[in-house]
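A short write-up of the structure that comes next.
The values are calculated or read from the model by the stated rules, or taken from the named source; none is laboratory data. Not measured: the values here are computed from a predicted model. For neighbour counting, all protein chains shown are included, and Cβ atoms are generated from backbone atoms with ideal geometry for every residue, glycine included.
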Amino acid sequence: MTDTLADAGLLGPGLVRRGAGRVHLRVPALTWRARAFLFAAVTWLPLAILTIIEGTFRGRGWTFSRDIGSYVRFLLVGPLLVAIEPWVERELSTLIPSLRTSALVPVERRPVFDRFLERQEAWRRAYGPQVLLLLLSYAIAAITVGERAARGDQPWLFGAGAPGPLSWAGWWWVLVAGPLFAHVVLRWLWRFGVWTALLFRLASLPARVFGTHADCMGGLLGVAKHHHVFIFLPLSLSLMAAATGANVIFHRGVPLASLRHVEILIVALELVVFIGPLLFFTPLMVAARRRAAARYGAVAAHHATHLEHKIDAALADQKSTPRLSADVLEEEAHLSASFEDVREMTSAPLTRESLVMFILACTGPLLLLELTEMPAGEILEKMKGLLL
């Protein structure tokens, strides 16, 4: 898996690749393993080396080796998001052209949708959003380190021997590791925002949803499948929240019970944010299902009358065994199958399996915190009762 097609998705290439293109330099494409390793090598590894030199890698208290948040951010979440980014961009890039020419976009509304896609393309090519994300990344890193200094968290970030109150590891965190991680997360949030805008524009055209479509989603199965690529984002955010909670519990002695209301709020917000965009299509799908049910009801009534006549004719024929012809039975089977598609049509482009996956992505990492006070078996029983 390489990032050679990353510039064909929602965001396009990052600042490094854009700058190299301006000066006609070719940045080699990296495999997903190389991207993940490079991120860890630039963020976690220098911090580990610097804290070893400064004597804050191991020992009692909140040392770097006991900092759960650093492991999760720089060795798990960051490498994961960086590694799968080209694949996600490539997957999304296959959907956008097909949407424009699909029956979901009415012909008379296609110019409106085209103008929206042109605006998105202009944003994708612009440097402004990328520069803004970079500035926000450094701002977040500066604010974060200031808050940690005020609370006394992560003392390995601070110490004598380096310019200012920060240790050498702290300076690397502020100038490189922290902003780089924040930039990766912000790019993913920006990508999801662009995707949400695309879904809203498609729903507000309005899209032409078919109550008789065989996918039982009105023709929106492709949208639902591509939405699933964002499941890694709530998973990553929950992992970060769980790591922060673990640090607070183990290093500050805060009881888990005092954090549960925060956990519930995080899960609720993530579910609303990451499932909510699919609900843009709910009014269209409900209306389409009602129209299809009414139309099929009228057709079925005429078909039933015709079938009754066929049955009466077969029974009235005294010369042969009463039976219906194969074409009549086939018509009846096709009508029943089509009506079943209408009856099973969902109210949103979301299956139960997809909903369960998003719930697990949002709650799974936070449930790991519960293992500090609650047996795993009890947690599984509660999850089983919630999901089934």
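May I ask you to list pairs of residues, at least six apart or on different chains, whose Cβ atoms are under 8 Å apart, with the first in region 145-159 being more than 15 Å from Ile68 (Cβ to Cβ) and the second being of a type in the set (S, T, N, Q) and at pLDDT below 85?
Correct list of pairs: empty, since none qualify.
Is one or more of the residues making up region 149-157 within 24 Å of Ala224 (Cα to Cα), in a helix (DSSP H, G or I) and either of a type in the set (A, V, I, L, M, F, W, C) or in contact with a strand residue (DSSP E or B) (Cβ under 6 Å, 6 or more places away or on another chain) (or both)?
The answer is no, given that none of the residues of region 149-157 is within 24 Å of Ala224 (Cα to Cα), in a helix (DSSP H, G or I) and either of a type in the set (A, V, I, L, M, F, W, C) or in contact with a strand residue (DSSP E or B) (Cβ under 6 Å, 6 or more places away or on another chain) (or both).
Read through the list (1) closer than 30 Å to Phe250 by Cα; (2) at pLDDT below 90; (3) assigned to a helix (DSSP H, G or I), then give the number of the only condition that Leu99 fails.
(1)
Within region 73-90, is there a residue that is crowded, with 19+ Cβ neighbours inside 10 Å, more than 24 Å from the chain's Cα centre (by Cα), assigned to a helix (DSSP H, G or I) and assigned by TED's automatic domain parsing to the domain that holds Thr244?
No: region 73-90 contains no residue that is crowded, with 19+ Cβ neighbours inside 10 Å, more than 24 Å from the chain's Cα centre (by Cα), assigned to a helix (DSSP H, G or I) and assigned by TED's automatic domain parsing to the domain that holds Thr244.
Going residue by residue through region 58-65, is there one that turns out to be β-branched (Val, Ile, Thr) and not in a loop (DSSP other than H, G, I, E, B)?
The answer is no, given that none of the residues of region 58-65 is β-branched (Val, Ile, Thr) and not in a loop (DSSP other than H, G, I, E, B).
Anything in region 25-72 that is farther than 23 Å from Val248 by Cα, in contact (Cβ under 8 Å) with a residue 60 or more places away in the chain and not aromatic (Phe, Trp, Tyr)? List them, or say none.
Val42, Pro46, Leu50, Ile53, Glu54, listed by residue number.
When the residues of region 252-296 are narrowed to those that are in contact with a Ser or Thr (Cβ under 8 Å, 6 or more places away or on another chain) and under 30 Å from Arg343 (Cβ atoms), which ends up surrounded by the fewest Cβ atoms within 10 Å (Cβ to Cβ)?
Thr282
Output the qualifying pairs, or none if there are none: Cβ atoms under 8 angstrom, residues six or more apart or on different chains, first residue in region 186-214 and over 17 Å from Ser98 (Cα atoms), second residue of a type in the set (Ser, Thr, Tyr) and surrounded by fewer than 18 Cβ atoms within 10 Å (Cβ to Cβ).
Sorted first by the residue in region 186-214, then by its partner, the pairs are Thr212/Ser338.
With (1) out of contact with any Lys or Arg (no Cβ under 9 Å at 6 or more places or on another chain); (2) at pLDDT 90 or above; (3) of a type outside the set (Ser, Thr, Tyr) as the list, and Ala214 as the residue in question, which single condition is left unmet?
With respect to (1) out of contact with any Lys or Arg (no Cβ under 9 Å at 6 or more places or on another chain); (2) at pLDDT 90 or above; (3) of a type outside the set (Ser, Thr, Tyr), Ala214 is out only on (2).
Being out of contact with any helix residue (DSSP H, G or I) (no Cβ under 6 Å at 6 or more places or on another chain) and of a type in the set (Val, Ile, Thr) is the filter; apply it to region 179-204 and report the residue that is surrounded by the fewest Cβ atoms within 10 Å (Cβ to Cβ).
This residue is Val194.
Kindly check whether there is at least one residue in region 166-173 that is over 30 Å from Pro277 (Cβ atoms) and aliphatic (A, V, I, L, M).
yes
Regarding Ala207, is this residue surrounded by 18 or more Cβ atoms within 10 Å (Cβ to Cβ) and either touching a strand residue (DSSP E or B) at 6+ places or on another chain (Cβ under 9 Å) or farther than 30 Å from Pro46 by Cα (or both)?
Here the answer is yes, as Ala207 does meet what is asked.
Looking at region 339-363 only, could you name the residues that are aliphatic (A, V, I, L, M) and without any contact (Cβ under 8 Å) to a residue 24 or more places away in the chain?
Within region 339-363, just Leu360 meets the criteria.
Which numbered condition in (1) over 24 Å from the mean Cα position of the chain (by Cα); (2) surrounded by fewer than 12 Cβ atoms within 10 Å (Cβ to Cβ); (3) closer than 28 Å to Ala203 by Cα is the only one that Gly152 fails?
Just one mismatch for Gly152, condition (3).
Across region 197-250, what is the number of residues that are over 30 Å from Gly61 (Cα atoms) and among the β-branched types (Val, Ile, Thr)?
5
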